[in-house]
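One structure is given below, encoded as structure tokens.
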Amino acid sequence: MERLDAEDTVLAGGSRVHRLQVATPAQPLGHLVVVADRALTDLERVALRRAVTAVALSISRQQAVSAVENKYRGDFLRDVLLGRAGSEEFVREHVAGFGWDLGGPSIVLVAQLDPPPAGEPSGTVEEQRLWQERFADAWRQVLGGVSRAVPVADFGSEVVTVLPAEGSVPGSDPVLRLVRTVAGDKGGGRRPFSVGVGRLARDVRSLPESYAQAYRAVAVGRRVRGGGTTTWFDELGLHRLIAMVPDDMELRAFATDVLGELAGQTEEAAALRETLQVLLSTNFNVAEAARLQFFHYNTIRYRVTKLERLLGPITSDHNLRLDVAVALKVLEVVGG
């Protein structure tokens with residue numbers, strides 16, 4: 001319909017397409033399109049405009065009812081995932097009233113829209129709200145085609161889904177298929193997003209832990225791998241261990257203690273950290289590090305000397321080398 005630039009368009013063969021926008025004062029809702037083999041009379045145009053008004057009112061009423069229902073369901077699911085919804089028996093009975101099933105092992109997925117790249121406008125508050133609504137609608141639509149018993153809710157800044165246990169294995173097809181479908185032609189693909197997947201929750205009481213893991217996985221995965229990624233908590237490796245430390249200030253303090261001025265935000269510090277990471281990955285093989293970074297051998301030798309002056313005997317002290325390697329991973333998690 002976006003290709004029709006006017007209310008009346010004549011197609012090849014003489015047919016006419018009559019289009020009227022369906023909208024509320026707050027947002028466009030769609031278009032009412034009529035195809036006829038002649039121009040519409042004035043009376044027919046009046047009837048179409050009245051039909052547009054009726055459709056807009058009907059859609060607005062449905063949206064209002066759905067918004068209330070979705071908020072109620074979302075608030076209860078949030079309570080479940082924060083461990084404050086009550087007993088397991090009560091939770092299962094309550095969500096059954098929504099048509100949801102939490103009767104078996106499951107995993108929690110957290111999906112968040114990625115922030116716009118640097119330099120691009122972030123959109124107005126109203127635009128951000130509409131993006132989030134469309135994103136949540138895309139997840140509901142896709143999951144509705146899989147099973148309406150799967151809990152899914154919009155938490156405002158994230159969409160949370162509780163999937164059956166078949167999607168619990170890292171890299172598993174059910175999760176990846178779901179993400180690909182949402183990112184496809186169902187509406188969620190209009191803006192890039194990232195997903196975090198928690199560990200298997202064997203019962204309702206384990207869901208808060210899986211939710212916390214999924215929430216952490218999406219944040220760490222985006223920071224380490226970039227946007228548009230799906231990250232399983234169990235795939236984080238050392239990042240997983242670091243992510244389990246709740247105090248970012250303590251993590252940053254550790255990185256600063258170990259790395260000193262290398263933990264800073266300057267371009268020089270970032271360049272030295274990059275060289276340091278390459279040296280660690282090559283077991284301080286200077287020639288190999290120079291080749292990987294496209295630097296002269298003497299340039300890397302100079303940087304090794306500078307790193308030892310800043311950090312200590314990193315080429316010979318394996319305990320120090322381990323501390324430095326962990327500190328670099330910490331900066332990947334908390335930002336550096």
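The values are calculated or read from the model by the stated rules, or taken from the named source; none is laboratory data. These numbers were taken from a predicted model, which means no experiment stands behind them. Every residue, glycine as well, gets a Cβ built from its backbone with ideal geometry; the counts of neighbours run over all protein chains shown.
Residues of region 141-155 that are surrounded by 22 or more Cβ atoms within 10 Å (Cβ to Cβ) and either free of Cβ contacts under 8 Å to residues at least 24 places away in the same chain or part of a helix (DSSP H, G or I) (or both): Val142, Val152. Restricting Thr266, Thr299 to residues that are among the hydroxyl-bearing types (Ser, Thr, Tyr) and over 21 Å from Phe254 (Cβ atoms) narrows the list to Thr299. Among all positions in region 279-301, there is at least one residue which is farther than 28 Å from Val218 by Cβ and of a type in the set (Lys, Arg). For region 287-327, a residue qualifies if it is under 18 Å from Leu259 (Cα atoms) and of a type in the set (A, V, I, L, M), and the qualifying residues are Val304, Leu307, Leu310, Leu311, Ile314, Leu320, Leu322, Val324, Ala325, Val326, Ala327.
Summed over region 31-46, the residues that are exposed (fewer than 11 other Cβ atoms within 10 Å of the Cβ) and in a helix (DSSP H, G or I) give a count of 2.
Counting residues in region 115-137 that are in contact with a helix residue (DSSP H, G or I) (Cβ under 8 Å, 6 or more places away or on another chain) and of a type in the set (Val, Ile, Thr) gives zero. With respect to the conditions (1) modelled with pLDDT of 90 or more; (2) crowded, with 18+ Cβ neighbours inside 10 Å; (3) assigned to a helix (DSSP H, G or I), Ile242 lacks only one, and its number is (1). Going through (1) assigned to a helix (DSSP H, G or I); (2) touching a Pro at 6+ places or on another chain (Cβ under 9 Å); (3) not acidic (Asp, Glu) one by one, Phe90 falls short only on (2).
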